[in-house]
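A quick write-up on the structure given underneath.
The values are calculated or read from the model by the stated rules, or taken from the named source; none is laboratory data. Just so you know, these numbers come straight off a predicted model, no measurement behind them. Here the Cβ is made from the backbone with ideal geometry for all residues, glycine too, and neighbour counts use every protein chain on show. Areas reflect the complete protein model, heavy atoms only, side chains present, ligands, DNA and RNA absent. Shrake-Rupley method; radii C 1.70, N 1.55, O 1.52, S 1.80 Å.
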Amino acid sequence: MVAAEGRMLVFSAHAADFCSRAGGTIASYARKGWKVRAIDLTYGERGETGSLWRDRSRIKVEEVKKTREAEAKAAAQILGAEIRFLDFDDNPLIVGKRRMLRIVAEIREFRPGIVLTHWIRDPLNPDHVATATATTKACHYASAPGVSLDASPCGYPQVFFFEPSVPTNDLSRFRPDTYIDISEVFDVKLTALKELKTQEMLPEWYTKYGELRAFQARNVAGGGKEIRYAEAFKRFTPWVGQAFP
């Protein structure tokens, strides 16, 4: 049972990642009253916007960023989430000390109970790995009183990793242990994905993966037969309680 009025922060390497990997979960939590914010570290202007570069050979990078920003904002609005852009530049995404402290500041300001981000292994997309590494480190630093005295420390959130690169994520050794049933909001996710026109393959890919993860949720994880679409996650922070979840 999801408690109402919590806070979820989603760290996305590129403009579309928060929606494609966790859009259904975001929509579901937002519908239940949670405040959800996506943080795009980059616009994916170099690594995930090939169609714009091919179609318009003389397009400038700032134009690409504006296009990606508009798409991501439209998708986030449909899901019911806020969105911010850090514009760290992608391909490669490099997170040094200054940028790390910026991520720490975002965590401390929002004070999330749950953080979602990329899986820590993705040989096909180093930017995803950089984001996962930076996010998990920043969650630690955000809870440390001696780090960056311009904002008070916050508690360590629950952290979950979402899908690595699809449809080839088997190379990443991603073995999910948590499935979220998104059947009731899959239409919302699909509508949001269609706003990400620069990556027109996303609706097809993530419909198939939604069905695949639902199959696993039903038949491997013991979920109900009514699950038609699901999103998969790997827990980073351990479970603590008086009973198994």
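Can you find even one residue in the stretch 226-235 that is free of Cβ contacts under 8 Å to residues at least 60 places away in the same chain, over 24 Å from A132 (Cα atoms) and surrounded by 12 or more Cβ atoms within 10 Å (Cβ to Cβ)?
Looking through the stretch 226-235, at least one residue is free of Cβ contacts under 8 Å to residues at least 60 places away in the same chain, over 24 Å from A132 (Cα atoms) and surrounded by 12 or more Cβ atoms within 10 Å (Cβ to Cβ).
Only one of these conditions is not met by R218: (1) touching a residue at least 40 places away in the same chain (Cβ under 8 Å); (2) part of a helix (DSSP H, G or I). Which number is it?
It is condition (1) that R218 fails.
Is it true that some residue in the stretch 146-161 is within 20 Å of the chain's Cα centre (by Cα) and free of Cβ contacts under 8 Å to residues at least 60 places away in the same chain? So that I can check it myself, show each step before the final result.
Residues of the stretch 146-161 that are within 20 Å of the chain's Cα centre (by Cα), as a first pass: 156-161.
Still in the list and also free of Cβ contacts under 8 Å to residues at least 60 places away in the same chain: none.
Looking through the stretch 146-161, none of the residues is within 20 Å of the chain's Cα centre (by Cα) and free of Cβ contacts under 8 Å to residues at least 60 places away in the same chain.
Inside the stretch 195-213, can you point out the residues that are open to solvent by 70 Å² or more (accessible area, probe 1.4 Å) and within 17 Å of the chain's Cα centre (by Cα)?
The answer is W205, and nothing else.
Does P153 meet the test of being under 21 Å from A16 (Cα atoms) and either of a type in the set (D, E, K, R) or open to solvent by 20 Å² or more (accessible area, probe 1.4 Å) (or both)?
no
When you scan the stretch 123-134, do you find a residue that is over 14 Å from the mean Cα position of the chain (by Cα) and open to solvent by less than 70 Å² (accessible area, probe 1.4 Å), even just one?
Yes, some residue in the stretch 123-134 is over 14 Å from the mean Cα position of the chain (by Cα) and open to solvent by less than 70 Å² (accessible area, probe 1.4 Å).
So how many residues does the stretch 134-150 have that are charged (D, E, K, R) and more than 25 Å from A22 (Cα to Cα)?
Matching residues across the stretch 134-150 total 1.
Of everything in the stretch 87-105, what is surrounded by fewer than 21 Cβ atoms within 10 Å (Cβ to Cβ) and assigned to a helix (DSSP H, G or I)? Give them in sequence order.
Within the stretch 87-105, the first condition is being surrounded by fewer than 21 Cβ atoms within 10 Å (Cβ to Cβ), and the residues that meet it are 87, 89, 91-92, 94-102, 105.
Answer for the stretch 87-105, where residues must be surrounded by fewer than 21 Cβ atoms within 10 Å (Cβ to Cβ) and assigned to a helix (DSSP H, G or I): K97, R98, R99, M100, L101, R102, A105.
Failed condition for V64, given (1) open to solvent by less than 80 Å² (accessible area, probe 1.4 Å); (2) part of a helix (DSSP H, G or I); (3) at pLDDT 95 or above, with all others met?
Just one mismatch for V64, condition (3).
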